[in-house]
Structure formats: C-alpha cells, structure tokens
1. I'd like the orientation of helix 3-15 relative to the chain: the angle between its Cα long axis and the longest Cα principal axis, in ° from 0 to 90, rounded to 10.
2. Can you give me the angle between helix 119-129 and the longest principal axis of the chain, using Cα atoms only, in degrees from 0 to 90, rounded to the nearest 10?
3. What percent of all Cα-Cα pairs in the range 27-156 falls into each 10 Å bin, going from 0 up to the bin containing the maximum distance?
4. Going by amide H atoms built from the backbone, whose H comes under 5 Å of the H on residue 273, apart from near neighbours?
5. Round to a whole number: what % of the accessible area of the range 160-273 belongs to carbon and sulfur, probe 1.4 Å?
6. Based solely on C-alpha atoms, express the radius of gyration and the Dmax of the chain in angstrom.
7. Keeping every protein chain present and rolling a 1.4 Å probe, give me the accessible area per residue for the chain in Å².
8. Relative to the first principal axis of the alpha-carbon coordinates of the chain, what is the inclination of helix 185-196, with its axis defined by its Cα atoms, in degrees from 0 to 90 and to the nearest 10?
Amino acid sequence: MGNSDIREAQAKACASSKEPYYRPLGREIEIFEAAYKSKMAVLLKGPTGCGKTRFVSHMAWRLGLPVHTVACHDDLTSSDLVGRYLIKGRETVWMDGPLTTAVRGGGICYLDEVVEARKDTTVILHPLSDDRRVLSVEKTGEEIHAPDNFMLVISYNPGYQHILKDLKPSTRQRFISLEFDYPPEEVESEIVAMESGLDAELAGKLVRAGRRMRKLVDSGLESPPGTRLLVHAAALINQGLSPEEASEAAIVRPVTDDLELHKAMMDILKASF
C-alpha cells in the first residue's frame, strides 16, 4: 500500500467513526451544509482551542465525507500539498499530496492555520476555491476538476497571527466565513463535563478558573487557555489528580514559561477550588 492509499484509508476510517461530539453555538451547522451543497469553500476564524477542528470532524461525519487534515507550518510548500516525484528503486514515481488526494477522491480537505504556510500554497488554492474548482498540478500537466463531494476548508486564528501573515483579500473573498469564539460559561461547562466525564460542579469551577486566566492576556499572556485545555485538565482530574495538579500540567505549563504568569494562574486555581 502506498502513502496515498494509507492516507485515503485513514480518511475513510475517520469518516466512518462514531459521531464526534460538537455543541453548536449558532447556525454554523446550517451555514456549513448550505456552503457544501453550493460547492463553496469555507474559512473558519477563531482562537486556538475553541472547537474549529472538532467542528470540521463533526461536519465530515454529518455529511458522510472523509476528512484530510493538514497542519500548516512555516516550511509547508505547495509540493507538500499537491505532491511530488519520488525515487522508488530504479523508477521515478509521482506521489499525490493530501490536497490532490482529496480533489481526486472527494471529501473535506482541511488546512489548519493556513496562514502559517508559505505564500505559494495559498496561490494554488485560488482556482480551487472559486467557481472553477480546479487544481492545477504543474509537474504532471494535469488540471483536476473537483467532484461534487469535495470541499475545501481553511482556518486561522486572527488574534494570534502576525499581521504580515494575514490572509490576502483576494484569498479571503473566495470563502464563506464562519467566526468561532469561546462558548458562554454555562455551555463551556457542559462541554467540559460531556467531553471528560467530570461531574458538573467540578467542571463549572474549572471553567470559571479558565475564564479568569484568559483575562491575563492584559498582563502579557500570549495564548489564553482554550476549551481544549480545560477538557484535558478535567480528564486528568477525573483520573484522580487534584484540580490544582491537573490544571498546572494541562493548562498552566502549556501556555506560559513566565514565572509571574505561572504564579498568577496558580493563585487563580487555589482560589477556585
């Protein structure tokens, strides 16, 4: 089995798994489904850990589609997405990248934190994200038309990305845009309890502590703890760790190395439990 076969098998396995839990906060499910039926690409905006990736997994399950996820980074090139020639024995063979695999076979291609990738990657998305829905593979001379069950989804965190890495207007205007944020306290407590199995009272205390920590952005905290980190802490508490020990390991240490911010977050935890 080649790499592309393995990726496809993994994608199909993801599509056939049980329903990923997702708590809607508005009409995002209906808008996403309307965009899919209209063959439009979707842009998800929101802070780290607020549920964008989980939303994509949930929508892939609802639509019965495989999902091909690419975590974008500074060194990601268009060849990483489209594909490249590789040496196999005495032969040179073409290997599709995840984007080409998705365009050929259908499904959702999800480019997470797309502005982190090199500029040449966003350029190849233009003819694929407008009404042409075509991927040009320059090295093989192919023009691949996306099937009806293909959907391109990208995401980024506008509060975290440097202005020089913001998306160009010519790219943004090709996408339907959905904005995400941290859920209201009551809903976030429900999500943390559901995801971790922690009882509702403890989950509520943990969420209140997490929301107080987010206000430390005014004191220099670069990346406030998202719902994902609260779920991680809740899961550790559910395994028998104390709330402070679990939260320090799952929330405080992952978001800061600053001693003063560390102390401030631990003070919040001590006051909350």
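1. So the helix axis and the longest Cα principal axis differ by about 50 degrees.
2. Taking Cα atoms only, the helix is inclined about 70 degrees.
3. In order of increasing distance, the bins hold 12, 44, 32, 9, 2, 0 percent.
4. Result for residue 273 returns nothing.
5. Carbon-and-sulfur percentage of accessible area, whole number: 50.
6. 20.6, 66
7. Result: 51 Å² of accessible area for each residue.
8. 70
The values are calculated or read from the model by the stated rules, or taken from the named source; none is laboratory data. Computed from a predicted model, the values in this text were never measured in an experiment. Heads up: the accessible areas ignore ligands, DNA and RNA and are worked out on the full protein's heavy atoms, side chains in. Shrake-Rupley method; radii C 1.70, N 1.55, O 1.52, S 1.80 Å.
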